[in-house]
Amino acid sequence: MKKAIIGALLSGLIFPGFGQVYLGKKGVGLALILSTNLGLAGIALGLVLRLPLIMEKIQPELEKAPLNFEQLLELSVRYAGVGGGSLWEIISLVILAGSWLFAVAHAFHAGKTWVDSSSKVK
């Protein structure tokens, strides 16, 4: 398989930045890994901060009777928007999506450049 495709697959399917590391672009790869983790952490923080508000809405239902998994899931989905998405969560999602898209495109381009330059040497 060509290096460009392997790099793009690593960054697109495994984790953004892995394709760059595989292709020897360690600085870019580590920056993408860091930005992806930052985006994931921001989204997780937003969810953790919103969890008490969701639990506050679900608590009366829990006190009535024990809930099965489907009922709990339905209540969770119903109240998932409680508290709204904070600006931090939106920024984190943009960082995550941007890192992923850039990583795939960059790994594919870097792989093609590597293949093109190595074929000229021969």
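The values are calculated or read from the model by the stated rules, or taken from the named source; none is laboratory data. Note that the structure is a prediction, hence the values are computed from the model and not measured. Counting neighbours? That spans all protein chains shown, and the Cβs are built from the backbone with ideal geometry, glycine included.
In this entry, G24 is excluded by the filter for residues that are closer than 12 Å to H106 by Cβ and either at pLDDT below 90 or touching a Cys at 6+ places or on another chain (Cβ under 8 Å) (or both).
Would a scan of region 31-54 turn up a residue that is in a helix (DSSP H, G or I), at pLDDT below 85 and among the hydroxyl-bearing types (S, T, Y)? No, region 31-54 contains no residue that is in a helix (DSSP H, G or I), at pLDDT below 85 and among the hydroxyl-bearing types (S, T, Y). Of the residues making up region 80-101, just one is aromatic (F, W, Y) and surrounded by 19 or more Cβ atoms within 10 Å (Cβ to Cβ), namely W100. As for region 106-122, it holds no residue that is assigned to a helix (DSSP H, G or I) and at pLDDT 90 or above. For the criterion of being assigned to a helix (DSSP H, G or I) and surrounded by 12 or more Cβ atoms within 10 Å (Cβ to Cβ), G27 fails.
What about K57, is it more than 20 Å from the chain's Cα centre (by Cα), closer than 30 Å to G12 by Cα, assigned to a helix (DSSP H, G or I) and not hydroxyl-bearing (S, T, Y)? The answer is no for K57.
The number of residues in region 60-105 being touching a residue at least 40 places away in the same chain (Cβ under 8 Å) and not in a helix (DSSP H, G or I) comes to 1.
When region 1-21 is filtered for residues that are modelled with pLDDT under 85, surrounded by fewer than 20 Cβ atoms within 10 Å (Cβ to Cβ) and part of a helix (DSSP H, G or I), the ones remaining, listed by number, are I5, I6, L9, G12, L13.
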